[in-house]
Amino acid sequence: MLFLYNITVLFATFFIKIIALFSSKIKLFVDGRKTVFLVLNQKIKPSDKTIWFHAASLGEYEQGLPVIEKVKMQFPNHKIVLTFFSPSGYEVRKNNTVADVTVYLPIDTKANAQQFLAIVHPEMAFFIKYEYWLNYLNELQKTKTPTYLISGIFRENQLFFKWYGGFYKKALDAFTYFFVQNENSQKLLNQLGKTNAIVSGDTRFDRVAAIVEKDNTLDFIAEFKNNTLTIVVGSSWPKDESILVDFINTTTLKVKFIIAPHNIKPDQIQELKASIRKKTVLFSERENKDGTDFDVFIIDTVGILTKIYAYADIAYVGGGFGNPGVHNLLEPATFGVPIIIGPNYSHFAEATALVNLKGCVTIATKTELALAVSHLITNDTTRTEKGAICSLFIAQNKGATNSIMSHLQ
């Protein structure tokens, strides 16, 4: 079966190179891997001590960051090597300050895995949440490298738990320890005979809890807000925006809006701006403008949404009209902000929990959105209560990083 897996990887690599001719994102995926081994050889010496972390994309990086930071503190003489699979992770965080070396993960062939591990020679390896690359795991097992899964989550529909998934089950033998998010994941691993698992929780809670303690000041956002009740729309998609724009254009309530779309392609940003009838400014056009003059601020850049949530009185988190569903609720929740989302959230445990706790409101139509938002704007008590539920939810679920580190020690 591993032979078939390797054949599939080779075919996929070939077709990806063809797709790269027509897709700028896939081109980054292909081109970014061309110099990986050169960079690794330049930055890592045979005498270096190293620890390797792998994140699929940006979300997994943010999830693993508390552990990376703690490991860096505990092992100050080791170089931290960070790899990404996706351009949406690497391109945003390639200049991070926590890792000594940040590169794309070479495609999972046996030759690449052997070469990568020969150069990096990690004393420990960490995979964040998921991504089980069979050749890398096999080589880690051969070299007897302690390997850990952090904030892992397992579901019954995964290949490990199918009758034909034996070769994937065997790959799990590479892990020294599984630090999983919930009891169901631990039970599923136990069914495979894996007793080296502990429910440590989700390190994302530690990540977002720490955000509140940082300086989240953004002067241009403070100027725009101007002590006015403000709704922050984070990671919105066109379906979210079509519903929101209708409310923005028709409401007579005193409220301002900050919209940070998931996709910031110029044509889509301009289309969004043109659909709004109230005074609107783009982040890229804010220079020499008085922010207090505008009702809507569209953020056509990346990397500042987390800080913007600090200025929110109400948050709308996008993605809930798509598949697999809603984006990250934890960032607005940590600031004690009531949250509104679309109907597709059942795949996300934190979203389901916040809906059940009534810190988060779900909507499916323009009418439902208008009612929910209007109620939160006009009812200070409800807004405060729902916000408090969200911040308490974060406080009660943090601690995964300390649990992981205590076992590593």
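The values are calculated or read from the model by the stated rules, or taken from the named source; none is laboratory data. Quantities reported herein were computed from a predicted structural model and do not represent experimental measurements. Neighbour counts are summed over all protein chains in view; Cβ atoms, including those assigned to glycine, are modelled from backbone coordinates with ideal geometry. What goes into the accessible areas is simple: the full protein's heavy atoms, side chains included, and nothing from ligands, DNA or RNA. Shrake-Rupley method; radii C 1.70, N 1.55, O 1.52, S 1.80 Å.
A few notes on this one:
- In terms of its C-alpha gyration tensor, the chain comes out prolate, because a/c is 1.5 or above and the ratio a/b outweighs b/c.
- In percent, rounded to a whole number, the relative contact order of the stretch 275-409 is 19, using alpha-carbon pairs under 8 Å and six or more apart.
- Residues whose placed amide H lies under 5 Å from that of Val361, excluding near-sequence neighbours: Ile339, Ile340, Ile341
- Ligands, DNA and RNA are left out, and with a 1.4 angstrom probe the accessible area of the stretch 216-396 is 45 Å² per residue.
- What the stretch 139-181 shows is 49 Å² of accessible area per residue, with the surface traced by a 1.4 Å probe over protein heavy atoms.
- Karplus-derived 3J(HN,Hα), 6.51/-1.76/1.60, for each residue of the stretch 71-81, Hz, glycine and proline x: 5, 4, 5, 6, 10, x, 8, 9, 8, 8, 9
- Helix-only [θ]222 nm of the chain, DSSP H runs n ≥ 4, -39500 (n - 2.57) each, per residue, nearest 500: -13500 deg cm²/dmol
- Per-atom-type breakdown for the chain gives carbon and sulfur 54% of the accessible area (1.4 Å probe, protein chains only).
- Residue-normalised accessible area of the stretch 1-116, expressed per residue, 1.4 Å probe, Å²: 52 Å²
- The stretch 298-360 and the stretch 221-280 have Cα centres lying 15 Å from one another.
- Residues whose placed amide H lies under 5 Å from that of Met124, excluding near-sequence neighbours: Trp52
- Value of relative contact order over the chain, rounded to a whole percent, pairs C-alpha under 8 Å and six or more apart: 13 percent
- Diffusion coefficient, µm² s⁻¹, Stokes-Einstein with Kirkwood Rh over alpha-carbon pairs of the stretch 188-248 at 4 °C and 1.567 mPa s: 79 µm²/s
- When each of the peptides 356-364, 5-13, 101-109 is scored by the mean number of other C-beta atoms lying within 10 Å of its residues, the order from highest to lowest reads 101-109, 356-364, 5-13.
- For the stretch 279-378: rounded, prolate or oblate by the Cα gyration tensor [a/c cutoff 1.5]: prolate
- Legend: residue pairs Lys187/Lys398; Lys17/Lys72; Lys79/Lys398; Lys43/Lys110; Lys278/Lys307, Cα-Cα distance threshold 32 Å; pairs beyond threshold, Lys17/Lys72.
- Taken one residue at a time, the phi angles of the stretch 52-69 give Karplus couplings (6.51, -1.76, 1.60, θ = phi - 60°) of 10, 10, 10, 10, 5, 8, 5, x, 5, 4, 4, 5, x, 4, x, 6, 4, 5 Hz. Gly and Pro are set to x.
- When only Cα pairs below 8 angstrom with a gap of at least 6 residues are kept, the stretch 43-183 shows a relative contact order of 24 percent.
- Note, ³J(HN,Hα) from phi for the stretch 135-150, Karplus 6.51, -1.76, 1.60, rounded to Hz, x at Gly and Pro: 5, 5, 5, 4, 5, 4, 5, 4, 8, 6, 7, x, 10, 10, 9, 10
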